[in-house]
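The values are calculated or read from the model by the stated rules, or taken from the named source; none is laboratory data. Owing to the predicted nature of the structure, the values given are computational and were not obtained by experimental measurement. Neighbour counts run over all protein chains shown; Cβ positions are idealised from the backbone, glycine included.
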Amino acid sequence: MTDVLSIEDLWVEAGDPRDPVTLVRGVSLSVEAGSVVGLVGESGSGKTVTCMASLGLAGRGVRITRGSVRLGGTELVGADEPTMRRVRGGVVGTVFQDPLGALNPLQRVGDQIAEAVQLHRGGRRRAHRDRVVHLLTQVGVPDPARRARAYPHELSGGMRQRVAIAMALANDPSLVVADEPTTALDVTVQAQVLDVIRRATKDDGRAALIITHDLGLVAEVADRVAVMYAGQIVEKGSVAEVFAAPRHPYTQGLLASRPALEPGRRRLSAMGGRPPLPGSWPVGCAFAPRCPVAVEACTTPPPVDQSDGRWSRCWHPQVESMEGVS
Amino acid sequence: MSTDVTGVSPTAAAAGGAPARRRPRLGPVATTALRLVLTLLGLLTLLFFLVRLSGDPAAVLAGPSATSEQLEEIRTGLGLDEPLLSQYVAFLGDMLRLDFGESVFTGEPALDSVLAVLPATLILVVTTVVTSVVVGIPCGVLLARAGRVARRGVSFAMTLAQAVPSFVLGVGLIFVFAVNLGWLPAFGSGTPATLVMPTIALAAFAVARTARMVAAELEQGEDHDYLRTAYAKGASSRRVLWRHALPNALPAVASAIVVEVSYLLSGAVVVEVLFAYNGIGKRLVDAIFARDYPVVQAAVFVIGVFVIVVNLIGDALVRVIDPRTTRGSA
């Protein structure tokens, strides 16, 4: 299968160029056509920065210093503005975490979706009214023609996120990047929005990169998963393999700290300590200070272990499957 | 005499008297009308006491050589011998009928003499507001988005415009453009050319304030997610600025400009006198110096009404720009 998105050895830094803070160090990640990849990690692990920097949306002062980002055959690192504008919204649609903040409060939501269409297909906004209604129907907005005339503050959180998804799908992109798409929503709505995302990606054969800290979401919609810690990917692989037998102790910790569905099976374990902040990452394995199985060797950078077709960045990848966690 | 009678909302005070649970629900029109009436009442009360606190009008009118009989006669004639309360009631009655009396000197109805010069001031205020919007918004965009050198330059110009008082700027303008270059008339009113220098003198401060306001709003809104959304849709940074960032800065800027207009009137007093521009400010100052109290009262009343009307227009404008103020959440 061909890769829609291929990030290779991406390094990102921010702040004063004379005293930069490294946010992402050497991330390689690819998304095959039609597959859904979950990028998992705690806050500050660099998962959002990796994606936003790749699309040139990370904001001022965030720079890619090394690496390559290829999207459908186009190199994005160092690409000029017209190329980036054509890619953003055209080849890749983006959904953000907070749907209220992500919509312009002064414009009707239909106009905002129409703008996304207009930016890539030209014409007047009014000419895209049918397309807007079609998109809103696609994401399950009831009474789409009327809702298109609403302002963001007049819609519920779930409806707003559906609008944001419709906007991301406006030009039938080959990749959808969703940054914590359900985190800001009520629990009852999360499942519905997740369903919309699944239909728009997996079911339509559209590739997606979903940034989340929610392993349940990954298990539900993703085919592949990449786990980030302190600006690096520490483990990646198919969701089935990684969830059944995580190799990296951090992945194991994450999976173990998920509440089990079966009651009374085991105590909920929580990882001790906190992830280190960008700028204070240790020379060796960044997870070593919290790792239950750390040894002397962990003070030096760990190698990538690719035995049995798996991928993890650890001195002694765990090979036994975990008990009590599916 | 103060012209600084901005539209302080008296609704809060008025509503506070009613029991919390059964507060009468008024429509927006009724609320606005009530606010207008209460603000006007406050203005008139202030006016009544200000005139009576600034000395004995009778003594001033009669002059230093008047006998006590003459003084008494004037007092009776003006109703100044009555108790304060009945004077107040009579005063309000006159105001209701828009009867401000006649100018002590010309005998012309005071209100008419003020209204005759009102259009001149309105034109000056309009040109000033238009200038502050047309020049201030681009300057604000430059302040927020331009390169370092341009930003420094604009920032310096704005600081200068805010620091130099309008009468100093006005004198400077007269010196350069009227005396040295002879391009513009130094004083007078009625022709477009006479508007140019008063507008510049009056607008300099407003331009700088508008620019700083726009810049502050743009900078504050810089990391709003909807701007990132616009970029993510494929919009250019120019489009993001003009279609998304700037419109969202406008409600705050519009409110600031409305407040600015109220202050502009006190500025207009100075500028009109300086350029001998025949507007309401000059009429007011002339009347104060001449102790022409009916005209003073009429001028302050008209300025007060003007400020109230501007505030109402401003509220309506913000409502038009920002849908969140009129349309409740679903």
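With the structure loaded, tell me whether B:L202 is closer than 21 Å to B:P119 by Cβ, crowded, with 21+ Cβ neighbours inside 10 Å and either of a type in the set (S, T, Y) or in contact with a Leu (Cβ under 9 Å, 6 or more places away or on another chain) (or both) or whether it fails that test.
yes
Can you tell me which of (1) in contact with a helix residue (DSSP H, G or I) (Cβ under 7 Å, 6 or more places away or on another chain); (2) modelled with pLDDT of 90 or more is the one A:A164 doesn't meet?
Among (1) in contact with a helix residue (DSSP H, G or I) (Cβ under 7 Å, 6 or more places away or on another chain); (2) modelled with pLDDT of 90 or more, the lone unmet condition for A:A164 is (1).
Please give the number of the condition A:H213 fails out of (1) more than 21 Å from A:V187 (Cα to Cα); (2) at pLDDT 85 or above.
Only one criterion is unmet by A:H213, namely (1).
When you go through (1) crowded, with 20+ Cβ neighbours inside 10 Å; (2) in a helix (DSSP H, G or I); (3) facing chain B (nearest Cβ under 9 Å); (4) out of contact with any Lys or Arg (no Cβ under 6 Å at 6 or more places or on another chain) one by one for A:A102, which number turns out not to apply?
Evaluating A:A102 over (1) crowded, with 20+ Cβ neighbours inside 10 Å; (2) in a helix (DSSP H, G or I); (3) facing chain B (nearest Cβ under 9 Å); (4) out of contact with any Lys or Arg (no Cβ under 6 Å at 6 or more places or on another chain) leaves (2) as the failure.
Would you please name the residue that is farthest from B:G221 (Cα to Cα), looking only at residues in segment A:87-99 that are facing chain B (nearest Cβ under 7 Å) and small (G, A, S)?
Once the filter is applied, the top-ranked residue is A:G90.
Considering only segment A:21-63, how many residues are more than 14 Å from chain B (Cβ to nearest Cβ) and free of Cβ contacts under 8 Å to residues at least 40 places away in the same chain?
Of the residues in segment A:21-63, 1 are more than 14 Å from chain B (Cβ to nearest Cβ) and free of Cβ contacts under 8 Å to residues at least 40 places away in the same chain.
Taking the condition within 14 Å of chain A (Cβ to nearest Cβ), in contact (Cβ under 8 Å) with a residue 60 or more places away in the chain and either farther than 30 Å from A:D179 by Cα or touching a His at 6+ places or on another chain (Cβ under 7 Å) (or both), does B:V253 pass?
yes
Tally the residues that are buried (at least 20 other Cβ atoms within 10 Å of the Cβ), in contact (Cβ under 8 Å) with a residue 24 or more places away in the chain and not aliphatic (A, V, I, L, M), restricting the search to segment A:112-133.
Residues meeting the conditions: 1.
Could you list, in sequence order, the residues of segment A:66-86 that are outside any strand (DSSP E or B) and more than 8 Å from every other protein chain (Cβ to nearest Cβ)?
A:G72, A:G73, A:L76, A:V77, A:G78, A:A79, A:D80, A:P82, A:T83, A:M84
Find the residue count for segment B:94-127, including only residues that are more than 22 Å from B:A290 (Cα to Cα), modelled with pLDDT of 85 or more and not hydroxyl-bearing (S, T, Y).
Total satisfying the criteria: 6.
For segment A:134-159: of the residues being away from chain B (no Cβ under 11 Å), more than 15 Å from A:E115 (Cβ to Cβ) and of a type in the set (A, V, I, L, M, F, W, C), which is surrounded by the fewest Cβ atoms within 10 Å (Cβ to Cβ)?
Once the filter is applied, the top-ranked residue is A:A145.
If you take the residues of segment B:274-330 that are farther than 30 Å from B:G107 by Cβ and small (G, A, S), which of them is surrounded by the most Cβ atoms within 10 Å (Cβ to Cβ)?
That would be B:G314.
Report those strands (runs of 3 or more DSSP E) wholly inside segment A:160-237 carrying at least 2 residues which are within 14 Å of chain B (Cβ to nearest Cβ).
Here the list reads A:175-179, A:207-212.
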